[in-house]
1. Could you tell me whether segment 92-113 includes any residue that is aliphatic (A, V, I, L, M), in contact with a Leu (Cβ under 8 Å, 6 or more places away or on another chain), within 20 Å of residue 161 (Cα to Cα) and modelled with pLDDT of 80 or more?
2. Tell me, which residue of segment 152-169 that is part of a helix (DSSP H, G or I) and of a type in the set (A, V, I, L, M) is surrounded by the fewest Cβ atoms within 10 Å (Cβ to Cβ)?
3. Being under 17 Å from the mean Cα position of the chain (by Cα), of a type in the set (Lys, Arg), at pLDDT 85 or above and assigned to a helix (DSSP H, G or I): is that true of residue 49 here?
4. Could you please find all residues in segment 36-66 being free of Cβ contacts under 8 Å to residues at least 24 places away in the same chain and among the aliphatic types (A, V, I, L, M)?
5. Residues 122, 72: which one is open to solvent by less than 70 Å² (accessible area, probe 1.4 Å), modelled with pLDDT of 70 or more and over 27 Å from residue 189 (Cβ atoms)?
6. Mind checking which residues of segment 51-66 are farther than 27 Å from residue 180 by Cβ and surrounded by 19 or more Cβ atoms within 10 Å (Cβ to Cβ)?
7. Yes or no: residue 33 modelled with pLDDT of 85 or more, over 23 Å from residue 159 (Cα atoms) and open to solvent by 50 Å² or more (accessible area, probe 1.4 Å)?
Amino acid sequence: MSFQANAQISTTGGPTAALVARAAAGDRDAFATLYNEHHGNVYRYLLHRTRDRHLAEDLTSETFVRALRAIGTFTPRPGTGGFPAWLCVIARGLHIDHCKSGRARREVPVGEFFESDRPYGGAEADVVRELEAVEAADSARKAMAALTGYQRECIRLRFLEDLSLEETVAALGKREGAVKTLTHRAMTVMRRVLADEAVAA
């Protein structure tokens with residue numbers, strides 16, 4: 001994008017809410033300031049997810065293109081992470097779309113199959129590891145099934161999608177305190193289910 005090239009734009013630029021309002025009214029300088037302030041965080045978020053610098057750069061640019069198009073729909077709400085979290089929601093959606101597209105292929109590095117410090121246990125050890133993974137996944141499914149819909153979604157976002165607290169707040173549209181409570185209660189329920197299952201076994 002060309003926004004960063006605008007050298008006279010200050011990176012401090014005043015309160016984010018005022019900048020968003022100006023950008024929504026068509027002020028390109030205001031959006032350039034928002035871009036300069038938040039580009040780095042969005043890029044790091046996407047780099048963490050993609051592990052690919054070029055892809056992270058492309059998705060970051062597309063995130064801000066989408067944000068510019070939709071900035072008039074952004075409504076700040078207390079406790080929902082604000083504009084940075086909104087950008088992360090857009091970025092996350094783009095990354096998910098990319099992963100679902102035919103361009104994305106899941107590949108496992110060869111090094112993960114042939115780690116020098118991993119002792120070779122033969123076919124039997126491989127089967128044991130696979131059975132343990134299946135059992136763990138089955139236990140996790142049972143524990144997740146005991147949760148309410150919001151609790152399940154909260155756990156999915158926080159621990160399966162690896163979203164931060166701020167990103168989860170934005171995705172669920174709830175206040176930070178509510179998300180923390182959901183997470184705590186969900187973990188309590190899951191621990192109880194797993195403990196009961198261990199006793200039954």
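The values are calculated or read from the model by the stated rules, or taken from the named source; none is laboratory data. As the structure is a computational prediction, the values presented were derived from the model and not from experiment. So basically every Cβ, Gly included, is an ideal-geometry build from the backbone, and we count neighbours across all protein chains shown. Heads up: the accessible areas ignore ligands, DNA and RNA and are worked out on the full protein's heavy atoms, side chains in. Shrake-Rupley method; radii C 1.70, N 1.55, O 1.52, S 1.80 Å.
1. There is at least one residue in segment 92-113 that is aliphatic (A, V, I, L, M), in contact with a Leu (Cβ under 8 Å, 6 or more places away or on another chain), within 20 Å of residue 161 (Cα to Cα) and modelled with pLDDT of 80 or more.
2. 160
3. It is false that residue 49 is under 17 Å from the mean Cα position of the chain (by Cα), of a type in the set (Lys, Arg), at pLDDT 85 or above and assigned to a helix (DSSP H, G or I).
4. 47, 56, listed by residue number.
5. Among 122, 72, only 72 is open to solvent by less than 70 Å² (accessible area, probe 1.4 Å), modelled with pLDDT of 70 or more and over 27 Å from residue 189 (Cβ atoms).
6. 56, 59, 60, 64, listed by residue number.
7. For residue 33, the condition - modelled with pLDDT of 85 or more, over 23 Å from residue 159 (Cα atoms) and open to solvent by 50 Å² or more (accessible area, probe 1.4 Å) - is not met.
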